[in-house]
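The values are calculated or read from the model by the stated rules, or taken from the named source; none is laboratory data. Not measured: the values here are computed from a predicted model. A quick note on method: Cβ atoms are made from the backbone with ideal geometry, for glycine too, and the neighbour counts reach across all protein chains shown. Ligands, DNA and RNA are excluded from the accessible area calculation, which covers all protein heavy atoms including side chains. Shrake-Rupley method; radii C 1.70, N 1.55, O 1.52, S 1.80 Å.
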Amino acid sequence: LIEIIYLGARKIFVYTWYLYLYFTSYSSDFWSFNFLKFVVNMNSEQAESPLEESSVTMIDILQEEHELEEEYNAVLGASDEKCCTYVDGPIKRQALYSCLTCCPEARNDLTKCAGICLACSYRCHENHELIELYTKRNFRCDCPTDRFPESHRCLLNSSMTKLQARNSDNLYNQNFQGLYCRCHRPYPDPERTTEEVMLQCTICEDWFHIHHLDVSSSDIKLADTEACGEMICGGCMKIHQFLSDYIGVALKILENSDESLVNISVSGDTSLREEHDNKLRSDLDKSISDIMNINDVVASTSTEKVELKDEIDVEVNKSPEAKRPKIEMERDVETIIKEDRCNRPKGKTNYEGGAVFWGNDWRKALCKCIQCLALYKSEKVEYLPDIEDSAKSYEERGKKRGATESTYEQGIRALASIGRVQQIDAITEYNRMKERLMEYLQTFAVSKKVVTEADINRFFEEMRNEKNAGVGQPYLCR
């Protein structure tokens with residue numbers, strides 16, 4: 001038991017800062033440590049009761065904590081936890097919450113919903129009924145706006161003496177009401193007894209149960225693979241019909257193959273590219289002529305192309321001052337030609353309806369020509385060609401940020417940021433808790449009993465009572 005305790009001592013120390021907060025009367029409920037609410041098995045090899053058979057070791061607890069820390073970094077690591085993001089305008093992607101305590105009418109009226117950033121969920125809406133929205137794109141925090149009652153004020157924007165105007169560009173869906181999928185049920189669903197697996201649509205950003213996606217049982221396997229990067233629901237596929245042209249780069253199950261999962265290459269059809277090249281050949285020469293103001297050059301004749309090249313060469317061979325604009329002009333011409341080349345697949349598509357699963361790099365296949373960019377904008381999906389818009393890219397940034405500083409290091413940094421006296425108080429209380437916890441658990445080790453959640457709650461209740469009993473006593477220092 002002692003070895004197990006010392007194995008977890010390093011992890012326990014990260015909560016030194018929280019110990020200080022508690023013992024300075026921040027919150028009497030701060031002792032609900034989830035990592036101590038697990039059942040600890042003191043002698044798993046000699047388990048004789050159902051309780052002992054379902055227990056876990058401290059190593060399991062530490063592993064669970066590590067997984068929770070990774071999940072935290074993925075969802076919240078790339079979001080600002082200290083400053084309200086309202087002043088930064090719409091954020092490309094951030095963690096959001098919906099407060100039903102401040103906006104109770106939102107339960108039945110979507111127009112009454114309001115979204116808040118991570119920092120405001122901590123500072124302005126502590127202990128409120130919050131709906132975790134995972135992440136949303138291009139959303140501006142509503143906390144300082146008149147979506148909240150007149151009595152509400154954003155504590156992180158104290159300079160704002162009145163509520164600000166509503167964010168007209170924010171989009172709200174049923175998730176802000178705590179409902180998901182086309183079945184319009186909460187998550188977790190209290191009426192469900194089986195495991196719920198849900199996926200978020202890349203476009204509408206609603207969450208769907210897998211069995212409500214209108215896909216075959218074989219395609220459902222795609223969602224459980226690492227190759228599956230994103231999903232677009234059937235409703236969004238129907239609205240944005242151009243996506244069906246890219247069905248060739250979607251994930252699919254190959255029949256009669258040992259490898260059930262195949263991520264189709266994004267290189268595209270060579271024959272289609274050649275057809276596009278033949279179609280654009282004359283247009284490219286005309287673009288060169290228009291840009292360089294040589295209207296009398298007929299771009300469709302190869303002879304005059306050579307003359308145009310010779311003319312450019314003569315200009316290039318002049319002084320450096322004259323050469324530089326010519327080089328830049330040629331680069332501009334090449335850029336415009338490249339942007340004007342449409343790589344969107346043409347021809348009959350084999351899309352049969354329902355949700356579509358895409359690989360991690362499927363967005364690279366999207367055409368970025370002028371016409372297609374205009375199409376994306378007209379359908380309000382101009383974010384699709386942006387690789388960093390994806391939720392996976394956001395999670396990777398969060399994990400990378402979390403990897404630079406562990407929870408232990410954050411705890412040490414927080415401890416170093418407070419005063420000397422407060423540091424001594426925090427460390428003293430930590431040592432006191434550690435010694436008391438070791439003594440308390442030693443009794444279970446001797447009697448070979450299992451420590452339950454009730455035992456842990458009893459331990460901290462006694463700690464709280466001792467703390468309250470000591471209030472008002474003088475503090476002496478020699």
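Computed over protein heavy atoms with a 1.4 angstrom probe, the accessible surface ordering of W358, W207, largest first, is W207, W358.
Exceedance of the 20 Å cut-off in Cα-Cα distance is limited, within the set K221/K380; K136/K399; K92/K136; K252/K364; K348/K377; K136/K162, to K221/K380; K348/K377; K136/K162.
Rg then Dmax, both in Å and based on the Cα atoms of the range 86-180: 11.9, 37. A cut-off under 12 angstrom between Cβ atoms defines the neighbours of D214, and their net charge, with Lys, Arg +1 and Asp, Glu -1, is 0. In plain terms, the chain from E70 to E150 could stretch by 25.0 nm, reckoned as 0.36 nm per residue minus the Cα-Cα distance.
At a probe radius of 1.4 angstrom, the accessible area of the range 86-180 per residue rounds to 47 square angstrom.
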